[in-house]
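Some notes on the structure that comes next.
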Amino acid sequence: MSLLSDDYTRRALLEVLLVGALCGIVGVHVVLRRLSFFTMAMTHATFPGVVLAAIVGIDLLLGSGLFGIVVVLGVTWLSSRSRSDSSAAVGVVLSAGFALGVALLSAHAGFTRDLSAYLVGSVLTVQPSDLVKTAIVLVVVLAVLASVGKELVFGAFDRGGLVALGYPARRLDLLLLLLVELAVVSSVPAVGTILAVALVVAPAATARLWCDRIGPMTAVAVGLGMASGVLGVLVSERAEVAAGAAIVLVACAFFAGSALLAPHTLTARAPVPEEAR
Amino acid sequence: MSLLVEPFASPFMARALAVALLLGVVGGVVSVFVVLRRLAFVSDTLTHTVFPGVVVGFLVAGTNGIVWGALAFAVLSVVLLTVLSTHARITEDASLAILLTGFFSVGVILVSRRPSYTADLTAFLFGRILTVDMRQIVVTAILGAVALLTLAALRKELVFRAFDPAGAAARGYPVVALDLALNLVVALVVVAAVRAVGTVLVIALLVVPGAAARLLSDRLAAIVVLAAAIGALGGWLGLAASYQASIEHGLRLASGATVVLALVALYGVAAAVGTVRSSARRRGRVTP
């Protein structure tokens, strides 16, 4: 493998393996709880955090993580108001966050080059420190899920039951949102803010097509996330196209193929879902 | 007051203002339906799926091809959306997210093959409202008129379907066709706005005015008028603010993003007004 002789390719492959595993694990919960649009808003609203962190010169992960917490609180507050439903609230926060990021960047010099790196990622310029951070985040997420994973799954399927049994349901919800934010922020160097949602949602949704149990679904999602990352980097090297977009396209191709081939889809199509009425 | 008028003395700013007002009014009216039907995520998906169309149109026929490419991909993604939403096993939001990022990646990959990668990407994503020409204003006006006329013709059916989908289906209205029509109207706005504000910021035009107007009124007709006014006002204030900051204070603010921030600020004002009014009503007395 002459490909692996380059330092930067090796680092890129390691990064996408880590990010793929991380997003696969978190993605299972996002898909089960239908948080895709929320994740989308997080990725967009994290963008000004990334820009601010870069301008001020503090750590990217820290800056955007803090900003993400503000976003989470903003969405929860807006959607708790009587008249606006949560999807409009998420839409407002999403556009506000993105516009703020663009305005901040445009006020700063070097507009276009930095911008595209944040938007669509540049995995080939990943630094060893990024790798260490992603690994730490992965360990943290694994530790959190090892301790409260069961409660989180319980909450996804039967929130009323969780509350009735005396679990702190609101705090658990918030914890999960923070995990999603961590995964999103960690994948920014690899795939950028716009496409991070794909690495979170696509592998988990693909796994859902094949599996009915959480354990196997998580394993398949992690495998698909890692495979999408590696294949995407290889394709982008061969075809000389943007790496982040190639990774996402591979993940989406897995989903499209599974939607056509998975055994469940035909039998599950019979009942008309509520949304389609 | 001169702060709000003076920037538009130069022809390029006047043209930018014309496009911003047009898009504000059309986007405002459409956003009411987006908010009523909770289509915020669908709209966001459409803004991203149109992106590869913009790129393909540009590669094939230059700047004049952008609208046609965008239109073709808009129709394609609206059809895919409507098909995917009938798929039972995957929830609608997950399939939307995948459709959105998949299409968007195709656009990024196509752009990344070009030598002027980053500059092109920025122009496609954020638009260039300051360089619009007369022809573009006409195209925007035509697309906007088609969108508004469609909404006007179908308004009764669309409102019925929004509030009582089961009732509309039982009365024999073609619900799927109505959904398709509304999605197409949203797509038309995206296509109309794509060259001016770019694909990423259109979502603000399609959600924020309607959400803000909804906070101020309960009557649909009033909400539509308010949303159109908020959309237009946001465009005007945003352009003026971006001009003043860039020319007078040496702070370069991207015009598209400033328009969006102005819209969000108006949403904040609407939220404050709505809160004060509803708490006054609840307590039965006027509070400051």
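Seen through its C-alpha gyration tensor, with square-root eigenvalues sorted a ≥ b ≥ c, the range B:2-283 comes out oblate because a/c lies at 1.5 or above while a/b is not bigger than b/c. Peptide A:191-203 shows a mean partner chain C-beta count of 4 within 10 Å per residue C-beta. Listed values for the range A:175-182 are Karplus-derived 3J(HN,Hα) couplings in whole Hz (6.51 cos²θ - 1.76 cosθ + 1.60, θ = phi - 60°), namely 4, 5, 4, 5, 4, 4, 4, 4, and x replaces Gly and Pro.
Listed values for the range B:246-255 are Karplus-derived 3J(HN,Hα) couplings in whole Hz (6.51 cos²θ - 1.76 cosθ + 1.60, θ = phi - 60°), namely 6, 7, 7, 10, x, 10, 6, 10, 4, 5, and x replaces Gly and Pro. The residue list A:48, A:76, A:97 was ranked by how far each Cα lies along the charge dipole of chain A toward its positive end, using unit charges on Cβ atoms, and A:76 comes out on top.
Measuring r between the beta carbons of residue A:212 and residue B:229 and using R0 = 41 Å, the FRET efficiency lands at 0.20. Rounded to the nearest 20, the size of the Cβ-charge dipole of the range A:2-260 about its Cα centre is 620 debye, with Lys and Arg at +1 and Asp and Glu at -1.
The relative contact order of chain B, computed from alpha carbon pairs under 8 Å that lie at least 6 residues apart in sequence, is 30 percent. Once both labels are positioned 7 Å from their Cα atoms along Cα-to-Cβ, the gap between residue B:76 and residue A:146 label points is 4.6 nm. Here the 3J(HN,Hα) profile of the range B:104-115, calculated from phi with Karplus coefficients 6.51, -1.76 and 1.60 at θ = phi - 60°, is 4, 4, 4, x, 4, 5, 4, 5, 5, 7, 8, x Hz, Gly and Pro shown as x. Per-residue mean of foreign Cβ neighbours for A:36-46 is 4 (Cβ atoms of other chains, 10 Å radius).
Label separation (residue B:281 vs residue A:175): 4.0 nm, computed from points 7 Å beyond Cα along the C-beta direction.
Considering every residue in B:28-40, what mean count of other chain Cβ atoms within 10 Å of its Cβ is obtained? Spell out each step's value before the answer.
Working: counts 0, 0, 0, 2, 0, 0, 3, 6, 2, 1, 5, 3, 12.
Mean shielding count: 3.
Computed from the coordinates by the stated procedures, all read-outs in this text should not be read as laboratory data. Note that the coordinates shown come from a computational prediction; the quantities given were computed from them, not determined experimentally. All Cβ positions, even for glycine, are placed from backbone atoms using ideal geometry, and neighbour counts span all protein chains on display.
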